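Asks: Please find one structure pasted underneath; my questions will follow.
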Amino acid sequence: MRAAARPEITPLDEEQRKRVRRVLRRRRVACPSCGNRRRWTVGDALHLGFLFLDEDEDAYMIAVTCRRRGCPRPRTGVIAHRADVLEP
Ligand SMILES: [Zn+2]
């Protein structure tokens with residue numbers, strides 16, 4: 001059996017990060033720790049299609065960090081489809 005492949009990390013450019021922020025606003029995503037909905041730092045995307053069979057093949061987990069000062073657990077993520085964030 002082959003060794004498991006590393007998860008596929010996709011770095012996002014500024015335009016793609018902007019689109020992720022749009023997705024966060026549209027879905028009214030709130031930080032699970034402090035409830036912040038407005039201030040996020042957007043990180044890289046992790047392709048989920050290979051890893052989790054119950055996700056769509058074009059699903060990505062985008063790392064986001066809550067920027068509210070004093071947030072006890074600022075790191076979270078949002079699942080988005082390729083067309084929402086990666087394609088023009
Ligand atoms: Zn928070």
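The values are calculated or read from the model by the stated rules, or taken from the named source; none is laboratory data. For clarity, every value in this text was computed on a predicted model and none was experimentally measured. Positions of Cβ are generated from backbone atoms using ideal geometry, with glycine treated the same way; all protein chains shown enter the neighbour counts. For accessibility, only protein heavy atoms count, side chains too; no ligands or nucleic acids. Shrake-Rupley method; radii C 1.70, N 1.55, O 1.52, S 1.80 Å.
Asks: With every protein chain present, what is the per residue accessible area of the chain (1.4 Å probe, Å²)? Mind dumping the intermediate values first?
Replies: Details: 6380 Å² over 88 residues.
Value for the chain: 72 Å² per residue.
Asks: Using Cα-Cα distances under 8 Å and only pairs 6 or more residues apart, what relative contact order does the range 9-85 have, in percent? Numbers along the way, then the final one.
Replies: Details: 130 pairs, mean separation 23.6, N = 77.
This gives 31 percent for the range 9-85.
Asks: Counting only helical runs of four or more DSSP H residues, what would the 222 nm mean residue ellipticity of the chain come to if each run contributes -39,500 (n - 2.57) and the total is spread over all its residues? Don't skip to the end; give the middle numbers.
Replies: Working: 2 runs with 17 residues, N = 88.
Dividing the helical sum by the residues of the chain leaves -5500 deg cm²/dmol.
Asks: Which residues in the range 67-84 have a backbone N closer than 20 Å to a point placed 7 Å from the Cα of Arg26 along the Cα-to-Cβ line?
Replies: Counting only backbone N, you get 77-84.
Asks: Turning to a different aspect of this structure: Using a 1.4 angstrom probe on heavy atoms only, work out the carbon and sulfur share of the accessible area of the range 9-85 in %. Mind showing how you got there, number by number?
Replies: Numbers: 2420 of 5050 Å².
That fraction is 48 percent.
Asks: Keeping all protein chains in the complex and leaving out DNA, RNA and ligands, what accessible area do you get for Glu8 with a 1.4 Å probe, in Å² to the nearest 10?
Replies: Only protein atoms counted, so the area is about 80 Å².
Asks: With everything on Cα atoms, drop me the angle between helix 14-26 and the longest principal axis of the chain, reported from 0 to 90° to the nearest 10.
Replies: Helix 14-26 sits at roughly 70 degrees to that axis.
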